[in-house]
Every structure is written in structure tokens, then in C-alpha cells.
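Data block below; observations after.
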Amino acid sequence: MPRPIAPTTRQRKLLSEIARRNGIKGPLRFQPLPERFGTSDLEPLADSALPGASNDQPRIPRMAGPGTADISQPELLTMQRAPFPVRVLNNLTAGATATSIAEFNALGANDTARLTAFVDQQLNPSAIDDSALEARLSTANGYTTLNKSLAQLWADHTLVNTDSSAPARETQRAALVRAAYSKRQLQETMVDFWQNHFNVAINSGTASTVYVHYNRDVIRANAFGNFRTMLEAVGQSTAMMYYLNNRSNSRSGPNENYARELLELHAMGAENYLGFVSPAQVPPAPEDPSYPIGYTDLDVYDTAAAFTGWTVKNGGNGFPTENDGTFVYRLAMHDAGPKQVLGMYIFPEQAAMKDGRDIYDRLATHPRVAKFICKKLIRRFVSDKPDQALIDSAATVFRANWQHPNQLRLTLRHILLSNAFINAWGQKNRRPFELIAAAVRACGSDWTIKGISETRSNDFMNRLAATGHAPYDWAAPNGYPDVGVTWAGSNNMVTTWKMLSWLTETLDTDTALTPLLPIVAQSRANVASWTANNLVDYWCQRILGYLPVASRRQVLVAFLAQNGDPATYVITDTDTSATTDLKRHYNLQRLRSMVAMILMSPEFMSR
């Protein structure tokens with residue numbers, strides 16, 4: 001490791017102030033500036049709560065996820081290039097369906113016109129009638145908390161331990177219902193994106209009791225709005241206050257959890273972290289020299305100080321009668337001294353909350369924040385390896401509109417109408433939840449998971465949890481990884497395949513033995529002659545939107561036909577044993593298994 005750099009007189013005063021504020025004993029020394037992103041051999045000196053500070057909970061450990069280094073992965077198997085509507089709908093929604101393809105094709109005279117019309121339609125969700133989805137949720141058993149206010153959630157599930165897990169459970173299960181049945185598909189995709197970007201683990205104590213508010217009023221309400229507005233909404237939310245402990249952050253007991261994640265995960269990105277270096281060493285950002293190229297631990301410390309006093313009315317901090325779970329600013333808890341964050345001097349004794357709001361403004365206008373957010377958006381919608389030219393152009397739109405109420409809508413539109421998006425295919429692997437939601441959509445399911453604890457719904461959620469991708473259930477603050485290689489492990493793949501197979505075979509025992517996926521009913525209604533060729537082609541077209549390469553289609557045909565002629569033998573609508581004549585052996589079981597094979601195919605698992 002390179003030798004630490006001795007501080008200047010001015011820096012020594014700053015270090016002394018940091019040591020005094022945080023109870024650090026002994027001399028502090030800055031590290032040298034890292035060579036460049038991803039190449040530093042320095043170990044961060046302050047990747048934990050402030051030394052000597054009071055922490056009522058330990059810092060949340062990181063879990064395995066995508067790093068900042070380039071991730072390589074094997075090329076996908078050779079696949080047919082899907083029709084344009086299929087490519088668009090698989091990348092923008094929870095999965096193309098026969099209905100959504102037909103609706104897309106009716107939007108214009110050519111692909112460009114149809115894409116533009118669809119994107120503009122989906123970017124304006126309030127104009128899309130989603131009453132059928134809302135009716136589905138309102139009539140399903142157990143969704144009783146989704147319309148409760150924050151104060152109601154706090155009173156009913158935090159102060160009184162009456163089914164305290166209900167808000168989290170219902171929000172999590174409603175995510176599947178919305179992904180499968182909502183007409184506002186892009187909104188649901190963006191809610192999932194932001195929920196992971198500003199991750200609050202769904203089973204994290206008090207945060208789970210108000211999870212409905214976080215999902216509905218913080219994430220969903222700002223998904224297409226303004227990033228600066230969203231930053232503050234997240235920072236003031238009760239769920240985030242509890243998850244990252246800022247509710248206890250005070251001048252007498254600083255807690256850096258929220259400050260560090262604000263810089264590392266919510267705004268700047270870990271790729272722009274420079275370590276414990278002197279601010280005087282940090283070069284200007286080449287995109288705009290009025291901003292530093294990255295952030296240091298000193299920025300984290302002073303950011304933590306700026307957000308002291310941002311807390312929750314929870315009956316504590318000397319206000320026992322104020323206990324409704326809403327945000328409050330406590331002046332007595334605030335460190336009003338001078339601060340310096342990202343090259344910006346913050347004067348002492350500013351107006352209430354101005355320290356924190358100045359930092360939000362600084363982040364919202366920082367060129368590296370714009371690139372970090374745009375890179376994540378492109379990774380979500382286009383490729384695991386985002387194109388730098390598109391990152392740069394999208395970041396220009398993002399930054400130019402930082403005060404626009406529809407900043408995120410404008411940025412997303414730029415990405416979704418780009419050539420990179422138009423040509424994207426096979427560059428992403430569907431994660432387990434995406435696969436399950438897409439299967440439910442493609443197979444024409446009408447089953448609704450219940451909000452209450454119920455046999456089949458519980459079984460569904462347990463199996464989804466086993467895949468490692470139940471909604472909002474990532475424990476660490478960095479959210480679920482969004483690169484295919486992370487989900488390519490044998491455990492993730494096998495548990496996901498097992499769940500897909502289970503879906504094709506399972507009946508809803510709580511409602512008149514209805515199949516979760518109506519495979520036999522759809523085949524009866526849409527395939528006149530049950531030859532193996534006809535059934536395979538129907539289900540490939542329905543699930544994939546096109547026919548796979550001939551070799552994989554032939555595997556499906558051979559499995560379904562057994563010893564019958566795939567072109568002429570008509571498979572009977574029966575499900576009985578015939579071990580001496582396999583073309584008659586458990587025909588309906590074989591049909592369902594063939595559909596499961598399509599759902600497990602490379603064509604369906606990628607997008």
C-alpha cells in the first residue's frame with residue numbers, strides 16, 4: 001500500500017475537527033488518491049459506522065452482487081431474432097403476450113411509429129385505464145393495507161402488534177399481481193427498478209410495518225418524476241429512516257449509514273468512491289470542473305452531519321406525545337457547524353434542513369450522478385454492458401432537466417427510443433421473478449395470489465423465495481443485482497426451473513381446483529387438431545412470440561409425439577397410462593411438461 005500523505009495545516013485542522021466530532025483518538029492520515037476507478041489497491045479506512053459513534057444497529061453487511069469491474073459472461077446460445085414487437089415488449093414489460101403484441105401492432109404504420117406511440121403511452125400511466133387490475137386486488141382475499149395512510153399503518157401495525165407483517169406481505173404479493181395483470185407495464189418495471197435502487201429490505205423490522213407507504217407514496221409516486229424530488233422523498237421516508245438508521249443520527253451520536261448509502265448507492269455510485277483522501281487531492285470532473293470527480297470519506301462524514309435532526313415522530317427524542325410515524329426535523333439534534341461536501345462549502349447555522357437540501361441539490365446536478373443513474377437504467381432495459389455513447393447522451397438529458405418535474409420521463413424516453421434499445425435482443429437474462437411473471441402472462445393465467453396467509457399463495461411465495469428473487473427481499477442496501485451472470489448459478493437456475501414446472505402442474509386448491517396456468521383449456525380452445533406439430537407451434541408462438549431454431553423445436557415435437565407421427569397423429573384429450581404405446585401415455589401431463597420445457601428454454605429465459 002502507498003504511504004499515507006501527511007496533511008497540510010488546513011487539512012490537519014479539518015482532521016482534528018472530524019476526530020473531535022466522532023470521538024476518534026490518535027492521529028489521522030489521508031490516503032493517496034487512487035490511480036483510477038477500479039484500479040486502486042487501497043483498502044477503505046472508513047467503511048463502517050463512525051468510530052466512537054453510537055449505533056443502535058450494526059451496519060448492514062454487503063451481499064454478493066455486481067461489482068464495478070467489467071463483467072464477462074459466455075455468449076447466449078444461437079437464437080432466432082425475435083420479431084420487433086416481441087423484443088420491445090420483453091424489454092419494457094413483464095413479458096410479451098398475444099394480446100399485448102396485437103395492441104402494439106395496432107399503434108402505427110411502422111416499427112418506429114409503433115415504438116414511439118407505445119413508449120409515450122406507457123410514460124403517461126395516469127391516462128391508462130387500470131381499473132381491472134385494481135378490481136382484481138380489491139376482490140382478492142387479504143389486500144387490506146394497500147390504501148392505508150402512513151399514520152394508519154403506524155397506528156395499526158407499528159404501535160399495535162396486529163399482523164405487523166401485513167403491509168410488507170401485501171406489498172410483496174401485489175407486486176406479482178401488478179406485474180402479471182397491470183396495463184401500466186412500464187410503470188411496474190420502473191417501480192421495481194427504483195425499489196431496488198433505493199432498496200429497503202421488506203423484512204427489516206419497523207420499516208416493514210410501513211412498507212405500503214414506501215412503495216406507494218415514495219417510489220411509485222416518483223417513478224417517472226424528478227430525481228431530486230425523489231431523493232428527498234426517500235430520505236424523509238419512515239421506512240428508509242429505520243432501515244438505514246438516520247432517525248437516530250444526531251450531533252451527539254452521529255450515524256453515517258444513510259449518508260454513506262446516499263453517496264455510494266443512491267447518487268454517486270461506488271465507482272466514484274475515492275476512499276479516505278484529502279479533498280485537496282480530488283481532481284475536478286472532466287464533464288464539469290465545478291464538481292469533484294468523486295467522493296471521499298470526508299464527504300460521507302459531513303453528509304452524515306448535514307442530516308442530523310432528520311428523524312421520525314416515534315415518541316422518542318423527548319417528544320413522547322408525537323408518535324404517528326411521520327417525518328420531523330429536530331433542531332436540537334442537528335449539528336449546525338460548517339461542512340464541506342463535494343467541493344461545496346456549507347455555512348454554519350443555516351435554516352432548518354438546508355444543510356441536507358443543499359447536498360441533495362449538489363447531487364442532483366453532479367455529472368457523475370447523471371451517468372451513474374443513466375447507466376443503471378440502460379443496464380435494466382438494454383444490456384448488461386451499457387453503451388458508453390448512450391450513457392453520455394442520456395446523462396446530458398438527465399442533467400439538463402434536473403429541475404424539470406418530468407426529468408425521469410424525459411431521460412427514459414431518450415433511452416427507449418435510442419438505436420441501442422431498438423436493436424437490443426438477447427443481451428439480458430430474465431431474473432427469477434421476471435421469469436415467473438412472464439410465464440403467468442404468457443400462459444393466460446387468471447389466478448391471483450392472495451394477500452392473506454393461504455395454502456397455495458404461501459406455497460407460491462415460498463418457492464419464489466427459494467429462487468433468491470422474491471420482490472424487495474434483498475437484505476443489503478444495494479438491491480438485487482441486475483446482471484445475468486449473478487443469476488446463472490446452478491441453485492438459482494434449478495429452483496427457478498422447478499418453480500416453472502410446478503406452475504404448469506399445480507391447481508389452486510383454495511378455489512375449485514383451478515389450474516394456475518390454464519394450459520389444457522387454452523389448447524382445447526385454440527388448437528383444432530392436436531398433432532404434436534400443431535401443439536408445439538401454438539405454444540411456442542403464444543409463449544415466445546415466434547418459433548425457436550429448428551433443432552430446439554424438434555426436441556419439443558419429439559417429446560410430445562413420442563412414437564406417433566408429429567404431422568398426422570392426433571393426440572387424444574386424455575390423461576391415462578399407456579406404457580406400451582407412449583403416444584397415448586398421460587397425454588395431458590405430457591402437454592403440460594412440453595409447455596414447461598418452452599418456459600425453461602433459452603429463448604424464454606433471455607430478453
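Just so you know, all these numbers are worked out from the coordinates, no wet-lab data involved. Since this is a predicted model, take the numbers as computed values, not measurements. Every residue, glycine as well, gets a Cβ built from its backbone with ideal geometry; the counts of neighbours run over all protein chains shown.
Tabulated results
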{"quantity": "Using alpha-carbon coordinates, inclination of helix 9-22 to the longest axis of the chain, degrees", "calculated": "70"}
{"quantity": "Karplus-derived 3J(HN,Hα), 6.51/-1.76/1.60, for each residue of segment 365-371, Hz, glycine and proline x", "calculated": "9, 6, x, 6, 5, 4, 5"}
{"quantity": "Share of pairwise Cα separations in segment 519-605, more than 16 Å, in percent", "calculated": "46"}
{"quantity": "Derived scalar couplings ³J(HN,Hα) [segment 183-196; Karplus, 6.51 cos²θ - 1.76 cosθ + 1.60; whole Hz; x for Gly, Pro]", "calculated": "7, 8, 5, 5, 4, 5, 5, 6, 4, 4, 4, 5, 4, 7"}
{"quantity": "Segment LEU582-ALA558, extension gain: residue separation times 0.36 nm, minus the distance between their alpha carbons", "calculated": "7.5 nm"}
{"quantity": "Likely footprinting exposure, THR396, THR568, fewest C-beta neighbours within 10 Å first", "calculated": "THR568, THR396"}
{"quantity": "For segment 537-607 and segment 227-259, distance of Cα centres in Å", "calculated": "53"}
{"quantity": "5 angstrom amide H check on GLN340, placed H, neighbours 5+ away", "calculated": "ILE346"}
{"quantity": "Net charge over other residues, Cβ less than 15 angstrom from the Cβ of THR112 (K, R count +1; D, E count -1)", "calculated": "+1"}
{"quantity": "Total lysine pairs under 26 Å (Cα atoms) in segment 88-422, excluding pairs fewer than 8 apart on one chain", "calculated": "10"}
{"quantity": "Mean residue ellipticity (222 nm) of the chain, computed from DSSP H runs ≥ 4 via -39,500 (n - 2.57), nearest 500", "calculated": "-13000 deg cm²/dmol"}
{"quantity": "Sites ASP537 and GLN152, calculated FRET efficiency, Cβ-Cβ separation with R0 41 Å, nearest 0.05", "calculated": "0.20"}
{"quantity": "Stokes-Einstein D (µm²/s) once Rh is taken as the Kirkwood radius of segment 165-227 over alpha-carbon pairs, at 10 °C in 1.306 mPa s", "calculated": "134"}
{"quantity": "FRET efficiency, ASN491 to ASN458 (Cβ-Cβ, R0 35 Å, nearest 0.05)", "calculated": "0.95"}
{"quantity": "Helix axis angle, 388-400 relative to the chain longest principal axis, alpha carbon, degrees", "calculated": "60"}
{"quantity": "Residue-by-residue Karplus 3J(HN,Hα) for segment 574-584, coefficients 6.51, -1.76, 1.60, Hz, glycine and proline x", "calculated": "9, 9, 10, 6, 8, 5, 8, 8, 5, 5, 10"}
{"quantity": "Distant-in-sequence amide H partners of GLU322 (H built 1.01 Å from N, under 5 Å)", "calculated": "GLY315"}
{"quantity": "Spin-label proximity, ALA475 to segment 246-280 - amide N less than 18 Å from point 7 Å beyond Cα toward beta carbon", "calculated": "none"}
{"quantity": "Distance histogram in 10 Å bins (all Cα pairs of the chain, percent per bin)", "calculated": "3, 15, 25, 24, 17, 9, 5, 2, 0, 0"}
{"quantity": "For segment 88-422: rounded, prolate or oblate by the Cα gyration tensor [a/c cutoff 1.5]", "calculated": "oblate"}
{"quantity": "Low-density loop positions, GluC sites (Glu not before Pro), segment 251-352 - DSSP coil, at most 12 other Cβ in 10 Å", "calculated": "GLU349"}
{"quantity": "Sequence-distant residues sharing a close amide H with TYR291 (under 5 Å, placed H)", "calculated": "ALA285"}
